[in-house]
Amino acid sequence: MSSIARRFGQSVSGLERLNGLKNANEIKVGQVLRVNSRRGSAGAAAGRAPESAPVEEQAEAADAGPAPHDWVWPADGALTAAFGKKKGMEISGDSGQTVRAANDGTVSFVGGGIRGYGNLVIVKHSGNLLSVYAHNKSVIVKEGQTVVKGQKIAEMGNSDSNTVKLYFEIRRNGKPVNPAEYLPAR
């Protein structure tokens, strides 16, 4: 949603209001969204109807993305919850411990407000892959920043959690996949 907002020179909250969305993270590929023209609020104020734009896939199908096991573990620590009962995995650790980018990519989201995730970082990778890093104490990257595999992106914490941990997901085309299929064996 943030890339769509940037493309049309609008805010995510403005697009949410315009489209009656409660959660911008639940948009689907192929869904039609209303956007104001590039003329911005002046066009809307002049009574012009909003345009429509389909939500597009961000990478071509031929781009398979990073190969499985070409990733690194996002944090050191014991695996306390695996994929299956959850959409990702939990890694225990100490407050302030380094959280690393699991692969090269671009930071697509930094912030809070998504219940159950706390301070959150989402990194977009090629091949329609996203990696999600939740419950951070602090975040040291910004939206739009390019990161490399192993780069420190945050510090582990307990935001919106009762224990210090990193909650980590990998999503392909918006659907959670088992991170163990991408991470090297420990």
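The values are calculated or read from the model by the stated rules, or taken from the named source; none is laboratory data. All values derive from a computational prediction rather than experimental measurement. Glycine gets a Cβ as well: all are built from the backbone with ideal geometry, and neighbour counts include every protein chain shown. Only protein heavy atoms, including side chains, enter the accessible area calculation; ligands, DNA and RNA are left aside. Shrake-Rupley method; radii C 1.70, N 1.55, O 1.52, S 1.80 Å.
Taking the Kirkwood radius as the inverse of the mean 1/r across Cα pairs, report the Rg/Rh of the stretch 135-186.
0.99
Please work out how much length the chain gains when fully extended from residue 23 to residue 6, using 0.36 nm per residue of separation minus the C-alpha to C-alpha distance, in nm with one decimal. Let's see the in-between values first.
Values: separation 17, 0.36 × 17 = 6.12 nm, distance 1.76 nm.
Taking 0.36 nm per residue and subtracting the Cα distance, the gain is 4.4 nm.
Tell me, what % of the accessible area of the stretch 130-173 is carbon and sulfur with a 1.4 angstrom probe?
47
Could you provide, to the nearest whole Å², the per residue accessible area of the stretch 92-131 with probe 1.4 Å?
I get 37 Å² per residue for the stretch 92-131.
According to a simple spin-label model (label point 7 Å from Cα along Cα-to-Cβ), what is the distance in nm between residue 152 and residue 81?
2.7
Across the stretch 132-186, how many lysine pairs separated by 8 or more positions, or lying on different chains, have Cα atoms within less than 21 Å?
So the count of such lysine pairs works out to 6.
How many nm is it between the label spots at residue 138 and residue 173, if each spot is 7 Å from the Cα in line with the beta carbon?
Spacing of the two 7 Å Cα→Cβ label points: 4.0 nm.
Apply the Karplus curve 6.51 cos²θ - 1.76 cosθ + 1.60, θ = phi - 60°, to the phi angles in the stretch 75-86 and return the couplings in whole Hz, x for Gly and Pro.
So the J values, rounded to whole Hz, are 7, 7, x, 6, 6, 9, 8, 9, 4, x, 6, 10.
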